[in-house]
2 protein chains.
Amino acid sequence: MSHALPLPDLDRLCVHTITTRPWPIEVASERFAKAGVKGITVWRDALTGRDLARTGQLIRDQGLSIVSLCRGGFFPARTAGERTKALDDNRLAIAEAQALGAPLIVLVCGAVPGQPLAESRKQIRDGIAALLPECRAAGVKLAIEPLHPMYADSRSAINTLGQANDLCEALASDCVGVALDVYHVWWDPALEQEIARCGRQNALFAYHVSDWRTPTLDLLNDRGLMGEGCIPLRQLRAWVEATGYRGFNEVEIFSSRCWAQDQSDYLARIIQAYRDYV
Amino acid sequence: MSHALPLPDLDRLCVHTITTRPWPIEVASERFAKAGVKGITVWRDALTGRDLARTGQLIRDQGLSIVSLCRGGFFPARTAGERTKALDDNRLAIAEAQALGAPLIVLVCGAVPGQPLAESRKQIRDGIAALLPECRAAGVKLAIEPLHPMYADSRSAINTLGQANDLCEALASDCVGVALDVYHVWWDPALEQEIARCGRQNALFAYHVSDWRTPTLDLLNDRGLMGEGCIPLRQLRAWVEATGYRGFNEVEIFSSRCWAQDQSDYLARIIQAYRDYV
């Protein structure tokens, strides 16, 4: 097994606004930049009430790259009317990404409790296919994020990298790729081969890091800072970089525990954990 | 898609002692039998302080079949000494199953936080292989239970039915098969084909039912009663029975919520849910 080298510099460090959720985006982008972070992924809730173009400019003026907009998706629904509404929201996200200057939208694909997963998977494929013309026109790409199987009930029927790769292959568009998040996929016995396959498809668009804590006390908001858990981060980055990936390593952590801490201290710990464990 | 028929009778209904955890095993077996349940799977904690042969006889005298003993496994460990201790505990479980009169032991295979999953998987295979002579001598079989990927950190490095099937194939012993629990595998896009493969390998030894609640509030003890969640139970039983499986349908529910209720009322609801949803 080849292992990735440490990351002494921060050139490829991106932090998600949700990671430091208590900070308004203006504060986050200023603090991130001062700390040496080079990229930011913007969650849509952080944009409420803002002028998107001006916010994008403000972020870039700090020297930060806008890596992606989180999130689109949630395509499956019981009725055609609701699915149309979901598509409209995704079209809005594409317009927002374009205005902000984000080249990529991360998709949490969606699921409906009790609706057969096979049906949700079909609706997801159809939903993404319907957005391709708008993506191309706007110059915005889409990244399918396979979500951990513990979210298959209500958040995503796409639960392995293999499924996301299959979907990319079926859609066959250079606008559609994968956002690989270690938290969701680290357990998968097929992970190494599916990362290689994703690379061969030129579909590895984004790479998200955090850690899996033992015990995990909450299904949504108990992710760990890198190094606090059991995910073999160096091994996974080695597999990712073996595909030629040299994009950002994005720190995306949902954690009630961390959100309750002083966010400046927390950012310093994120940076140290990035150097030590990613 | 073919759908299984309803289950108007209880001939194949088994309940795990852990499902009605507040009841001592003597109470559970009496109440199960009176309610028309035909099988019981015994958790080892329910046997504390009991004479095993006498307890087995008491259960059989109620007219109940002892379906399996839960649980062995937890093979991976950091040191050879700890792995030997784990094997010893599994040998004890085999002796307990023989004394009780249980033909099968369910294996939760184990994992060590931070130890590479590939290493844990190898230790699991080696551990099961080491037990085969004792299994054969005792007339006790082993059922590998693939556990949901949310338990890959510390409970099992075997997280899909495909992996369990691979392991059975590698071990190539009629003493080793699979305990399929809907809670752990319902999300898997390869489930239908892997159930069929498990059947072709004559390895489908047990079938456990419960449901997945939305939202799920706890990773361990928030399982749903059948019908309370989103698992397509009739579809899954159809796939299972298409292999020729006609063993027990075992109700295994970890639920702090249900354990806090009157257990007699709860047992009545289990039976109704079995008829309506399994």
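The values are calculated or read from the model by the stated rules, or taken from the named source; none is laboratory data. Source: prediction; values computed, not measured. Every residue, glycine among them, receives a Cβ derived from its backbone with ideal geometry; neighbour counts consider all protein chains shown.
Key figures for this structure:
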quantity	calculated
Sole exception among (1) more than 14 Å from chain A (Cβ to nearest Cβ); (2) within 16 Å of the chain's Cα centre (by Cα); (3) of a type outside the set (G, A, S) for B:C135, by number	(2)
Qualifying positions in the stretch A:98-129 - over 26 Å from A:T160 (Cβ atoms) and either charged (D, E, K, R) or part of a helix (DSSP H, G or I) (or both)	A:Q98, A:A99, A:L100
Residue identified as closer than 20 Å to B:A157 by Cβ, crowded, with 19+ Cβ neighbours inside 10 Å and within 19 Å of the chain's Cα centre (by Cα) among B:F74, B:F32	B:F74
Tabulated pairs, the stretch A:230-253, first away from chain B (no Cβ under 14 Å) and surrounded by 22 or more Cβ atoms within 10 Å (Cβ to Cβ), second among the polar types (S, T, N, Q) and assigned to a helix (DSSP H, G or I), C-beta under 8 angstrom, 6+ apart or interchain	A:V251/A:T19; A:E252/A:T19; A:I253/A:T19
A:D174 vs. criteria within 9 Å of chain B (Cβ to nearest Cβ) and among the charged types (D, E, K, R)	no
Verdict on A:A164 being under 16 Å from A:K122 (Cα atoms), buried (at least 20 other Cβ atoms within 10 Å of the Cβ), of a type in the set (A, V, I, L, M) and facing chain B (nearest Cβ under 9 Å)	no
The lone exception for A:R197 - which of (1) within 11 Å of chain B (Cβ to nearest Cβ); (2) without any contact (Cβ under 8 Å) to a residue 60 or more places away in the chain; (3) over 16 Å from the mean Cα position of the chain (by Cα) it fails	(1)
B:D51 vs. criteria acidic (D, E) and under 20 Å from the mean Cα position of the chain (by Cα)	no
Enumeration of residues in the stretch B:167-180 that are of a type outside the set (A, V, I, L, M, F, W, C) and surrounded by fewer than 21 Cβ atoms within 10 Å (Cβ to Cβ)	B:E169, B:S173, B:D174
All positions within the stretch B:126-161 that are surrounded by fewer than 20 Cβ atoms within 10 Å (Cβ to Cβ) and in contact with a Leu (Cβ under 7 Å, 6 or more places away or on another chain)	B:A129, B:A130
Checking A:A179 against (1) within 23 Å of A:M226 (Cβ to Cβ); (2) touching a Ser or Thr at 6+ places or on another chain (Cβ under 8 Å); (3) within 10 Å of another protein chain (Cβ to nearest Cβ), the condition it does not meet	(3)
Unmet criterion (only one of (1) more than 10 Å from every other protein chain (Cβ to nearest Cβ); (2) surrounded by fewer than 19 Cβ atoms within 10 Å (Cβ to Cβ); (3) not aliphatic (A, V, I, L, M)) for B:P215	(1)
Test: residue in the stretch B:161-174 that is under 14 Å from the mean Cα position of the chain (by Cα) and closer than 30 Å to A:Y183 by Cα	yes
Within the stretch A:138-152, tally of residues that are closer than 16 Å to A:L167 by Cβ, in contact (Cβ under 8 Å) with a residue 40 or more places away in the chain and within 11 Å of chain B (Cβ to nearest Cβ)	1
Single condition A:A190 does not satisfy, out of (1) among the aliphatic types (A, V, I, L, M); (2) closer than 20 Å to A:L236 by Cα; (3) more than 11 Å from chain B (Cβ to nearest Cβ)	(3)
Flag if A:R213 is touching a strand residue (DSSP E or B) at 6+ places or on another chain (Cβ under 8 Å) and charged (D, E, K, R)	yes
Tally, over the stretch B:95-127, of residues that are more than 18 Å from B:A143 (Cα to Cα) and within 14 Å of chain A (Cβ to nearest Cβ)	8
Which listed residue, of A:N202, A:N221, is closer than 16 Å to A:A143 by Cβ and surrounded by fewer than 17 Cβ atoms within 10 Å (Cβ to Cβ)	A:N202
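Yes/no matrix, rows are residues, columns are (1) crowded, with 23+ Cβ neighbours inside 10 Å; (2) at pLDDT 95 or above; (3) touching a helix residue (DSSP H, G or I) at 6+ places or on another chain (Cβ under 7 Å):
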| site | (1), (2), (3) |
| --- | --- |
| A:S2 | no, no, yes |
| A:C14 | yes, yes, no |
| A:W23 | no, yes, yes |
| A:D45 | no, yes, no |
| A:Q57 | no, yes, no |
| A:G63 | no, yes, yes |
| A:A80 | no, yes, no |
| A:P103 | no, yes, no |
| A:C109 | yes, yes, yes |
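Conditions (1) free of Cβ contacts under 8 Å to residues at least 60 places away in the same chain; (2) closer than 30 Å to A:G114 by Cβ; (3) among the β-branched types (V, I, T); (4) touching a Phe, Trp or Tyr at 6+ places or on another chain (Cβ under 6 Å), marked per residue:
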position: A:P6; (1), (2), (3), (4): no, no, no, no
position: A:R21; (1), (2), (3), (4): no, no, no, yes
position: A:V37; (1), (2), (3), (4): no, no, yes, no
position: A:A46; (1), (2), (3), (4): yes, no, no, no
position: A:L52; (1), (2), (3), (4): yes, no, no, no
position: A:I59; (1), (2), (3), (4): yes, no, yes, no
position: A:Q62; (1), (2), (3), (4): yes, no, no, no
position: A:R78; (1), (2), (3), (4): yes, yes, no, no
